[in-house]
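Worksheet for the structure shown next.
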Amino acid sequence: PTPASNGEYGAHWWLAPEGDGIFSANGYQGQYVYVAPAQDVVAVRLGASTSEQQPLVKAWLADDTAGVLATLAPEAVLLPPRMLPVTGHAAIRSFWWPQDGSRTRITAFEWEIQELGGHQALAYTRGISTVGWTYDKDTLHQTSSSRNVTLSVLSRQPDGRWVITHQMWGPSLP
């Protein structure tokens, strides 16, 4: 580390201020290499890609119910703000796609991951999601958006895919 960085930066690498051995290289347009030796985790983002490449975001933007559910473990738990947990595909389907004649369509979805951790079979992400949507029911048409802190826990499946086991998001940020 360079002396002027308070021991946090040197040769294009940043050390985590917590002193837990985590370090990262951060580049142009979202490029990064994140290394957590104690957790045996290395994450690489090549940058300049859009969030639509993420399976959950892509499925939401395509209005693909089956695609969204495929990114969730069968007994996934949603933890919406100021609500009780919603557990399992059937309950999640009823929560996000109610059978009351209403229709919500996601029109924009950006998911910025600010922290990533875990090990070979279990991982978590923390970040900020910004979601825009329309809501229609009978003659009512509303357009809205929110920006929230999110926390996701993911589990690696036998086929190598990662699925969300727990998804929590907080109240809207200013």
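The phi torsions of the stretch 34-44, fed into the Karplus equation with coefficients 6.51, -1.76 and 1.60 and a -60° offset, translate into couplings of 10, 10, 10, x, 5, 9, 6, 10, 10, 10, 10 Hz, rounded to whole numbers, with Gly and Pro shown as x. Here VAL149 and ASP100 are evaluated by their C-beta separation; at R0 = 25 Å the FRET efficiency comes out at 0.30.
Computed from the C-beta positions of VAL42 and LEU79, the FRET efficiency with R₀ = 30 Å rounds to 0.60.
Residues in the chain average 62 Å² of solvent-accessible surface per residue, probe 1.4 Å, ligands and nucleic acids excluded.
P(r) tail, the stretch 65-174: Cα-Cα pairs separated by more than 18 Å, 56% of all pairs. The portion of the accessible surface of the chain made up by carbon and sulfur, rounded to a whole percent, is 58 (1.4 Å probe; DNA, RNA and ligands excluded). Relative contact order for the stretch 93-137: what is it in percent, counting Cα pairs under 8 Å that are at least 6 residues apart? Value for the stretch 93-137: 45 percent.
Quote the FRET efficiency, to the nearest 0.05, computed for HIS141 versus GLN114 with a Förster distance R0 of 35 Å and r equal to the Cβ-Cβ distance. Can you show the working numbers first?
Details: r = 34 Å, r/R0 = 0.96.
E(calc), rounded to 0.05, equals 0.55.
Taking THR87, THR71, THR139 and ordering them by how much accessible surface each has at a 1.4 Å probe, largest first, produces THR139, THR87, THR71.
The values are calculated or read from the model by the stated rules, or taken from the named source; none is laboratory data. Being a predicted model, the structure only gives us computed values, none of them experimental. Quick reminder, even Gly has a Cβ in these numbers, built from the backbone with ideal geometry, and neighbours come from all protein chains shown. Side chains included, ligands, DNA and RNA excluded: accessible areas come from the protein's heavy atoms. Shrake-Rupley method; radii C 1.70, N 1.55, O 1.52, S 1.80 Å.
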